[in-house]
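Below: one structure, written as structure tokens.
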Amino acid sequence: MIRFNDWLGDKLSYWLSTMTMFYIISALVIAPLIWQRPQGLVPWMQYAIAVFFQGTALPVLGYVSRRAGENQERVLNETHDTVMEELALIKEELGLAREERDKLKTLLAELHAKTLG
């Protein structure tokens, strides 16, 4: 049941935050004006705030959040790839440094043996 809820939640959050849904909700919000129009300034303001802004702002906010999340994910992936490349270079440099250290140890041991020898 949890997997189904997660799946459904993902699908709904995606589709409710698309610009297509924005246009659908906008059309549904404007359609009642054909039959009944608010009379006066206050009813028009109430209609605009209660129906239009709430109905159409939510899909736009979801769309913007999703786009921001996609951009952030792209930046994180690029950063991860760069860090992994640097880590590979550091490991390679570490291997070379160990080889040099081993050579120096060998030379030091030979010098020590010759001087004491």
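Here, each number is a calculation from the coordinates, and none is a lab measurement. In this text, all values refer to a predicted model and were calculated from it rather than measured experimentally. For neighbour counting, all protein chains shown are included, and Cβ atoms are generated from backbone atoms with ideal geometry for every residue, glycine included.
Label region 2-92 by shape, choosing from rounded, prolate and oblate, from the square roots a ≥ b ≥ c of the eigenvalues of the Cα gyration tensor; if a/c is under 1.5 it is rounded, and otherwise prolate applies when a/b is larger than b/c, oblate when it is not. Can you show the working numbers first?
On the way: a/c = 5.01, a/b = 2.86, b/c = 1.75.
Verdict is prolate for region 2-92.
Using the Cα centre of the chain as origin and beta-carbon charges of +1 (Lys, Arg) and -1 (Asp, Glu), tell me which of 87, 13, 77 is placed farthest towards the positive end of the dipole.
Going by the Cα projections, it comes out as 13.
So how many Lys-Lys pairs in the chain land under 28 Å Cα to Cα, not counting same-chain pairs under 8 apart? Mind dumping the intermediate values first?
Working: 91/103; 91/105; 103/114; 105/114.
For the chain, the number of qualifying lysine pairs is 4.
Taking N as the number of residues in region 70-117, what value does Rg over Cα atoms divided by 2.2 N^0.38 Å take?
On the way: Rg = 20.6 Å, N = 48, 2.2 N^0.38 = 9.6 Å.
For region 70-117, the normalised Cα radius of gyration comes out at 2.16.
Okay, helix-only estimate at 222 nm for the chain: each DSSP H run of n ≥ 4 adds -39500 (n - 2.57), divide by all residues, round to 500 deg cm²/dmol; what do you get? Mind showing how you got there, number by number?
Numbers: 4 runs with 97 residues, N = 117.
Taken over the chain, the calculation gives -29500 deg cm²/dmol.
Could you please report the charge total around residue 79, scoring K, R as +1 and D, E as -1 over all other residues with beta-carbon less than 13 angstrom from its beta-carbon? Write down the numbers at each step before the final one.
Numbers: positive: 74; negative: 73, 78, 81, 85, 86.
Overall, the nearby charge balance is -4.
Please identify the helices of the chain, taking whole runs of DSSP H, that span at least 24 Å along their own axis as judged from the Cα atoms and have a mean Kyte-Doolittle score of -1.0 or higher. Could you put the intermediate results ahead of the total?
Details: long enough: 54-116 (90 Å, -0.47).
What comes out of the filter, once short or polar helices are dropped, is 54-116.
Quick check for me: using +1 on Lys/Arg Cβ and -1 on Asp/Glu Cβ, what's the dipole size of the chain about its Cα centre, in debye to the nearest 20? Please report the intermediate quantities before stating the final value.
Working: 12 positive and 14 negative charges, 106 e Å.
The calculation lands at about 500 debye.
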